[in-house]
Structures are given as C-alpha cells and as structure tokens.
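Supplied in structure tokens, the structure appears directly below.
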Amino acid sequence: MDIHQFQEEVIQYSKEIGIDKIGFASADVFGELKARLKQQQEFGYQSGFEKGSVEERTEPDRLLPEAQSIISIALAYPSKMSDAPKSRKGDRRGIFCRASWGQDYHTVLRDRLNKLGEFLQAHYPEVTIKSMVDTGELADRAVAERAGIGFSGKNCATITPEFGSYVYLGEIVTNIPFIPDEPVDDSCGDCNICVDACPTDALIQGGQLNANRCIAFLTQTKDFLPDEFRSKIGNRLYGCDTCQTVCPKNRKKDFHRHEEFEPDPEIVKPKLTPLLSISNREFKEKFSPIAGSWRGKKPIQRNAILALAHYKDETSIQELIRLMKEDPRPVIRGTAAWGLGKIGKPECYQEIEEAMMHETDENVLYEMKKGLEFQKI
C-alpha cells in the first residue's frame with residue numbers, strides 16, 4: 001500500500017465525516033512530557049483526575065504494543081451564544097464553561113473516531129487501533145502538538161491557527177506507519193495575559209498549571225470549597241473560560257460547525273435558585289446530555305449556593321435556610337450556612353444561630369461559625 005496516498009484518503013474522509021482538523025504523529029515516547037509530569041507530581045500540581053501512570057501517559061506502545069503512529073483530530077466548538085439570557089437582580093443565573101456547551105463532546109468525538117477507525121479497518125485489514133478522547137491515558141494536547149494540530153499555549157491549551165483554542169481533541173494510536181506532520185511553531189511570544197488574568201493564580205508560569213488551584217478543577221470537586229477560592233468562583237457552575245477568553249489568539253474565533261455543540265441557553269446558563277431544589281431525576285433529564293454533569297448535581301448545587309452568595313441574592317434566603325436545616329448532605333448544609341452569612345441580612349444570622357442548636361456535624365458547625373463571622377465585617 002502507498003502510505004502517502006492512503007494518508008491523503010484518510011484526510012479527505014475525515015473532512016467528509018465532520019472532522020475539522022487532522023494530523024499525524026509518531027508513536028515515540030513523549031520524553032519532554034514525561035519529565036514535566038514527574039515534576040508536576042513532585043510539586044503536587046496534579047488534579048487526581050488523570051488516568052494511568054506517567055509511563056502509560058507518555059509511552060504509546062504501552063497502550064498498543066505495535067504502535068507506529070498516532071492520528072490526532074480536532075473539532076471546533078462555539079465561543080458565543082446567541083440570545084443568551086441575562087442574569088438580573090432577583091433572577092440570577094450561573095454559567096457552564098464553553099467546553100460543556102451542547103452535547104457531551106466525548107460522545108461526539110467518539111462517533112468521529114469510530115467512523116475513522118472503521119475506514120482504516122476497511123482499507124487496511126491488518127490494522128490495530130486504540131482510540132481515546134480526554135479520559136484516555138495519552139495527553140491529548142501533547143499528541144495534538146506533535147501532530148501539528150496546534151501549539152501548547154501559556155494557558156496550557158492547544159491553540160490552533162484556524163480555531164484558536166476552542167477545539168476538542170481525540171486520537172487513534174495505530175500500527176499504520178503514517179508520515180508525521182510538522183509541529184506548529186509556538187507563537188505566544190512575550191504575551192502573558194492569561195497568566196496575569198487567572199483568577200486563582202493557578203497558572204504558575206506560562207505552560208505550568210497547578211490543577212488544584214484551577215477553577216475548572218475546583219468546580220468539579222465534591223467537598224467544601226476552600227475559603228480562599230469562594231470569592232473567586234463568581235457564578236461559575238462548571239469550568240472556567242478566563243484563560244481562553246483573554247487570549248489574543250481567540251479574538252473573533254467563534255465557529256458553529258457542529259449542531260451537536262450548539263448550546264441550549266437555559267441549560268448552560270440556568271437560573272440559580274431552582275437548581276437548589278432540583279431532584280436527581282430532573283437533574284439527569286435536563287443536564288445529563290452535557291459534559292458538565294459528569295460529577296452529578298452535588299458540585300453544581302454547591303457552586304450555585306456560592307454564586308448566590310457572591311450576588312448577595314436576598315430572594316434565595318428562604319431556600320438557603322431550607323437547605324441549611326433539612327438537606328442530608330453536610331457539604332450543602334454547611335455551604336448554605338456560609339452563603340447566608342455572606343448575604344448578611346439579620347434574619348440570616350438568626351437562622352444560622354437557631355440551626356446550630358440542632359446541628360451535629362462538626363464540619364457544618366464550623367461553616368456556620370464562619371457564616372456568623374460576616375457580622376463583624
């Protein structure tokens with residue numbers, strides 16, 4: 001088989017099935033990434049969501065022993081929403097990050113990768129493949145960088161010349177010896193806007209992220225949010241777009257190429273107070289199609305409470321009182337108590353004091369005390 005010709009056929013087919021960009025990389029060890037990951041481990045900068053060992057994440061042949069190359073794909077997603085509802089006093093709304101707009105991208109990219117895999121199998125009978133999207137062992141961004149999809153920006157996102165960093169990534173490891181593409185030159189230059197704009201200083205320096213301080217990670221945790229981040233979260237329910245929206249490479253980048261990624265404004269920018277009483281069934285029916293629901297409703301509800309406290313939304317007081325007194329989950333009870341203190345009306349403090357007489361969980365009592373401390377400010 002003429003690999004050059006077959007590679008061109010793969011590229012052409014990728015366009016037919018809705019892949020916006022495709023690149024090819026060698027299956028060599030990602031040596032530089034391996035050193036960086038080990039350093040991240042030493043510094044305690046990893047989130048804990050990473051899959052696999054450092055070796056599995058950087059040595060493709062551990063995942064597919066006969067690996068000879070990797071196909072990297074990218075699909076562009078929108079950065080702007082038409083007819084976005086406004087967040088107004090008495091009717092506040094939260095926001096899901098752009099990477100969670102529309103249908104869960106894992107599902108969409110797996111569909112494209114499956115079609116591409118079927119094409120490979122139909123034309124190269126002895127092919128072996130392993131596909132991954134985000135949750136696989138290999139680092140999608142490192143593969144995309146090597147395959148010429150884009151360069152790794154100081155905000156740790158893959159920045160493509162065509163679509164900026166608003167792209168989803170996936171890859172196929174294969175035994176087909178495709179010809180590697182040339183990497184894209186890094187063009188951040190002296191720009192440091194994303195590092196300076198990071199709300200929590202999670203970007204230690206260009207290209208180095210402390211995931212434990214990143215709002216995108218923090219919004220997905222299920223425990224009490226550390227105090228230092230509560231005033232930083234704003235109305236974010238899932239994820240954070242700051243380091244992307246400030247990036248000059250993303251200026252005027254807004255692509256609506258895939259219907260699956262078009263956002264439903266009422267889902268990705270929902271009213272906050274109704275989220276506090278939503279049932280498991282209602283949550284699943286409304287939010288399960290989007291990527292931001294993968295951790296369940298508890299983190300979303302906790303973040304909604306923090307957002308209401310951020311706005312000092314007095315219309316939510318009665319609902320927060322109900323949660324503080326009745327919700328079976330300590331994180332929700334305690335966060336509601338803290339939120340009431342932040343809102344700061346006299347009735348809030350009275351209700352916290354009353355609830356303290358019946359509360360038995362030490363963590364919740366601690367949050368109640370912190371809520372009462374707002375009286376002194």
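The values are calculated or read from the model by the stated rules, or taken from the named source; none is laboratory data. The structure presented is a predicted model; accordingly, all values stated were derived computationally and were not measured. Neighbour counts run over all protein chains shown; Cβ positions are idealised from the backbone, glycine included.
Quick one: would you say residue 253 is in a helix (DSSP H, G or I), surrounded by 14 or more Cβ atoms within 10 Å (Cβ to Cβ) and not aliphatic (A, V, I, L, M)?
In short, no.
Could you look through the range 262-274, keep only residues that are assigned to a helix (DSSP H, G or I) and touching a strand residue (DSSP E or B) at 6+ places or on another chain (Cβ under 8 Å), and pick out the one that is surrounded by the fewest Cβ atoms within 10 Å (Cβ to Cβ)?
267
Can you tell me how many residues in the range 144-172 are assigned to a strand (DSSP E or B), hydroxyl-bearing (Ser, Thr, Tyr) and within 15 Å of residue 75 (Cα to Cα)?
Residues meeting the conditions: 3.
So, of the residues in the range 232-250 that are part of a helix (DSSP H, G or I) and either among the hydroxyl-bearing types (Ser, Thr, Tyr) or under 23 Å from residue 271 (Cα atoms) (or both), which turns out to be farthest from the chain's Cα centre (by Cα)?
This residue is 245.
Looking at (1) crowded, with 18+ Cβ neighbours inside 10 Å; (2) modelled with pLDDT of 95 or more; (3) of a type in the set (A, V, I, L, M, F, W, C), which one does residue 211 not meet, given that it meets all the others?
Exception for residue 211: condition (2).
State which residue is nearest to the chain's Cα centre (by Cα) when the search covers only the range 173-231 and only residues that are in a loop (DSSP other than H, G, I, E, B), within 30 Å of residue 64 (Cα to Cα) and among the hydrophobic types (A, V, I, L, M, F, W, C).
Out of the qualifying residues, it is 184.
In the range 276-296, how many are part of a helix (DSSP H, G or I) and within 13 Å of residue 96 (Cα to Cα)?
4
Is it the case that residue 152 is closer than 27 Å to residue 234 by Cα, buried (at least 19 other Cβ atoms within 10 Å of the Cβ) and either of a type in the set (Ser, Thr, Tyr) or touching a residue at least 12 places away in the same chain (Cβ under 8 Å) (or both)?
Taking the combined requirement at face value, the residue does not satisfy it.
Yes/no matrix, rows are residues, columns are (1) in a loop (DSSP other than H, G, I, E, B); (2) touching a Leu at 6+ places or on another chain (Cβ under 6 Å):
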{"position": "56", "(1), (2)": "no, no"}
{"position": "71", "(1), (2)": "no, no"}
{"position": "81", "(1), (2)": "yes, no"}
{"position": "110", "(1), (2)": "no, no"}
{"position": "127", "(1), (2)": "yes, yes"}
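Quick check on residue 118: is it among the acidic types (Asp, Glu) and either over 28 Å from residue 209 (Cα atoms) or part of a helix (DSSP H, G or I) (or both)?
Criteria met by residue 118.
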